[in-house]
Amino acid sequence: DGQTVYFSDTDSSLARLAIPSGAEIQIYALPSNDASWFFQQVSVNGDGTQLYATRTGIQLNNGASKLVRIDLTAISAAEYILREWPAQTGYGAHVFWPAANQNDDRVAFNEYTVGTNNCTPLVITDRDGIQSFPASGDPARYGRSGTWVGDNVVMERRGPMDGSGKCASTTSLSQVDPATNAETVLITGYQPNGR
């Protein structure tokens, strides 16, 4: 409704700010004895009941990351892990760039393909992590920083994987239709944010 901001108020907690009143409320925090994770890239669904975030590891979990859903409807918020990226030699932590759909229980994100160079295909799942896009056998659509525009996802486009396992960065934004897997290059740009 344009009246609430969701953000990380500390490395290990999330909050919301009501714009009209200026009231800030912490909505979720990792256990106080757990200093081995921090939150990045939060996205909330249309009715404010589900928040998605990348939880990135530090210290003992350095290089690991998790895509989590945090349900905000209970008296105390509950966290569910949808995807995990274990710490791996030669790779840093993986940011999933989650984008909650504003009209239903889907989340779009990019999931790194191990053994490649910058190949992060678009994935869409339901709230429980059950994948609906891409369908089995469909070509991957590579990019990052996705956002929903209606029923389509707009993201920073990366080229298809070449023979050496590299997905070249581009300077363009593309729109992907999850129903047909069609990808349309729209315009030169970065960091899209749709409505």
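In the stretch 179-195, the qualifying residues are those that are open to solvent by 30 Å² or more (accessible area, probe 1.4 Å) and in contact (Cβ under 8 Å) with a residue 40 or more places away in the chain, and the one that is farthest from TRP97 (Cα to Cα) is GLU183.
Please return the ranges of strands (runs of 3 or more DSSP E) entirely within the stretch 1-45 where 1 or more residues are on the phi > 0 side of the Ramachandran plot. Because the criterion is at least 1 residues that are on the phi > 0 side of the Ramachandran plot, the strands (runs of 3 or more DSSP E) in the stretch 1-45 that meet it are 37-44. Taking the criterion of being of a type in the set (Lys, Arg) and open to solvent by 20 Å² or more (accessible area, probe 1.4 Å), the residues of the stretch 62-84 that qualify are LYS66, ARG83. Across the stretch 90-103, the qualifying residues are those that are under 20 Å from ASP11 (Cβ atoms) and either touching a Leu at 6+ places or on another chain (Cβ under 6 Å) or not aliphatic (A, V, I, L, M) (or both), and the one among them that is surrounded by the fewest Cβ atoms within 10 Å (Cβ to Cβ) is GLY92.
The condition (being buried (at least 18 other Cβ atoms within 10 Å of the Cβ) and touching a residue at least 60 places away in the same chain (Cβ under 8 Å)) is satisfied by just one residue among ARG141, ARG127: ARG127. Of all the criteria given as (1) open to solvent by less than 20 Å² (accessible area, probe 1.4 Å); (2) over 18 Å from ALA29 (Cα atoms); (3) over 14 Å from the mean Cα position of the chain (by Cα), the one not satisfied by GLY57 is (2).
Look at the stretch 74-97: where a residue is closer than 22 Å to GLY146 by Cα and a partner is open to solvent by 40 Å² or more (accessible area, probe 1.4 Å), sitting 6+ places away or on another chain with Cβ atoms under 6 Å, you get HIS94/TYR112; VAL95/GLN40; VAL95/GLN41; TRP97/GLN41; TRP97/ARG144. Count of the stretch 144-162 residues, restricted to those that are touching a strand residue (DSSP E or B) at 6+ places or on another chain (Cβ under 6 Å) and exposed (fewer than 14 other Cβ atoms within 10 Å of the Cβ), is 0.
Yes or no: ALA87 over 21 Å from GLN50 (Cα atoms), of a type outside the set (Asp, Glu), touching a helix residue (DSSP H, G or I) at 6+ places or on another chain (Cβ under 8 Å) and surrounded by fewer than 20 Cβ atoms within 10 Å (Cβ to Cβ)? Taking the combined requirement at face value, the residue satisfies it. Of all residues in the stretch 103-134, how many are within 19 Å of SER174 (Cα to Cα), of a type in the set (A, V, I, L, M) and out of contact with any Gly (no Cβ under 7 Å at 6 or more places or on another chain)? Qualifying residue count for the region: 3.
The values are calculated or read from the model by the stated rules, or taken from the named source; none is laboratory data. Note that the structure is predicted; figures quoted are calculated from it, not measured. Ideal geometry is used to build each Cβ from the backbone, glycine not excepted, and the neighbour counts take in all protein chains shown. The area values use the complete protein model at the heavy-atom level, side chains included, leaving out ligands, DNA and RNA. Shrake-Rupley method; radii C 1.70, N 1.55, O 1.52, S 1.80 Å.
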